[in-house]
Amino acid sequence: MKELILNNGIHIPCIGYGVFRMTDLDACEKAVLQALKTGYRFIDTAAAYENEEAVGRAIKRSGIKREELFISTKLWVSDTSYEKAKAGFYRSLERLGLDYVDLYLIHQPYHDYYGAYKALVELYQEGKIKALGVDNFKQDRLADFLFFNDTKPAVNMIECNPFYQRDDEKEYLEKNNMQMLAWSPLAAGKASVFENEILKEIASHHQKSVAQIVLRWFYQRQIIPIVKSANPKRMKENIEIFDFELSNEEMKLIGNLDTGHTCFHERDTAQKVNHFLEQSLKFKV
Ligand SMILES: NC(=O)c1ccc[n+]([C@@H]2O[C@H](COP(=O)([O-])OP(=O)(O)OC[C@H]3O[C@@H](n4cnc5c(N)ncnc54)[C@H](OP(=O)(O)O)[C@@H]3O)[C@@H](O)[C@H]2O)c1
């Protein structure tokens, strides 16, 4: 798997495998094991996905050397404070059966993420976390966060897909020497992504699938997609993107698909944020 280098020198694979919504633990373990056999080395989970144990079991069963893997997990909202962050981190570490994680992210820009980050920086300095990240931070929050923190996070993971391209966020992250990671890079199948005529035409030209075109587009934009498939054939397809190149014209055609709007839910009102936070406290992290 090709790699990029984060702002602290840590190597990160160019594609990640995500396990969001894999709540059947046996199925999750099987899928992660299959993904590792297929060639993925970056596995992305979260305390809130409630499947870290299954990911840990798959890692153990794979027999792959720890240093060849890149494992990320995330601190949930209820643990996002100086007092609770370390306990949240150690619970994740134990469930994963690891003694360090490659990337640890603050999952949502809510609660006391300043305090939590302070605790995570201490874990980073102890070597328990190889790289720190934020997640779902928009530029305005990130600007404030960067202004008041000496240790810069290495990544920001945000929604990004051909219909919501986030050029402004990408530019801001690049300016700040932070790596952009894209969640739901295939828009989780929404917005009829696999039926899009432009993507289908480009796919047919390269004799590739629409998913491969989208994932290649990410690669050429130097954004790391975190993609999920529970299907071994599609899992394999999704990393076979290094043997062709999209032309500038094709990149522009995909660029034109941007709507500037999320394919999911914008949390842009007090009511939506309050609803989300109330739900977030129900997670068993
Ligand atoms: N940090 C955050 O806040 C956040 C939020 C959302 C997601 N994420 C991360 O992003 C990861 C991926 O997100 P996601 O699962 O929502 O969306 P996604 O990866 O964009 O799409 C997954 C969907 O596309 C299908 N699919 C995958 N490859 C395909 C292919 N080659 N051809 C046709 N269909 C294909 C999958 O079905 P099959 O399984 O049947 O192939 C699944 O239904 C998550 O697992 C998680 O790690 C993070």
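The values are calculated or read from the model by the stated rules, or taken from the named source; none is laboratory data. Every value quoted in this text rests on a predicted model; they were computed, and no experiment measured them. Glycine gets a Cβ as well: all are built from the backbone with ideal geometry, and neighbour counts include every protein chain shown. When the accessible area is computed, the model is the full protein with side chains, heavy atoms only, and any ligands, DNA or RNA have been set aside. Shrake-Rupley method; radii C 1.70, N 1.55, O 1.52, S 1.80 Å.
Scanning the stretch 11-30 for residues that are touching a helix residue (DSSP H, G or I) at 6+ places or on another chain (Cβ under 8 Å), within 14 Å of the ligand (Cβ to nearest atom) and touching a residue at least 60 places away in the same chain (Cβ under 8 Å) yields Ile15, Tyr17, Val19, Phe20, Arg21, Met22. One residue alone among Asp140, Asp79, Asp112 is without any contact (Cβ under 8 Å) to a residue 24 or more places away in the chain, more than 19 Å from Val227 (Cα to Cα) and either open to solvent by 10 Å² or more (accessible area, probe 1.4 Å) or β-branched (Val, Ile, Thr) (or both), and that residue is Asp140. Scanning the stretch 209-220 for residues that are more than 8 Å from the ligand (Cβ to nearest atom) and surrounded by fewer than 20 Cβ atoms within 10 Å (Cβ to Cβ) gives Tyr219, Gln220. The condition (being closer than 21 Å to Ile5 by Cβ and either touching a strand residue (DSSP E or B) at 6+ places or on another chain (Cβ under 7 Å) or not charged (D, E, K, R) (or both)) is satisfied by just one residue among Ala143, Ala131: Ala131. Residues of the stretch 34-54 being within 24 Å of Gln279 (Cα to Cα) and open to solvent by less than 60 Å² (accessible area, probe 1.4 Å), which ones? Asp44, Thr45, Ala46, Ala47, Ala48, Tyr49, Asn51, Glu52, Ala54, listed by residue number.
Looking only at residues of the stretch 1-33 that are surrounded by fewer than 19 Cβ atoms within 10 Å (Cβ to Cβ) and of a type in the set (Asp, Glu), we find that the one that is nearest to Phe218 (Cα to Cα) is Glu3. If I filter the stretch 229-285 down to residues being in contact with a Phe, Trp or Tyr (Cβ under 8 Å, 6 or more places away or on another chain) and small (Gly, Ala, Ser), which single residue comes out as surrounded by the most Cβ atoms within 10 Å (Cβ to Cβ)? My answer is Ser280. Count of the stretch 56-76 residues, restricted to those that are open to solvent by 50 Å² or more (accessible area, probe 1.4 Å) and within 21 Å of the chain's Cα centre (by Cα), is 3.
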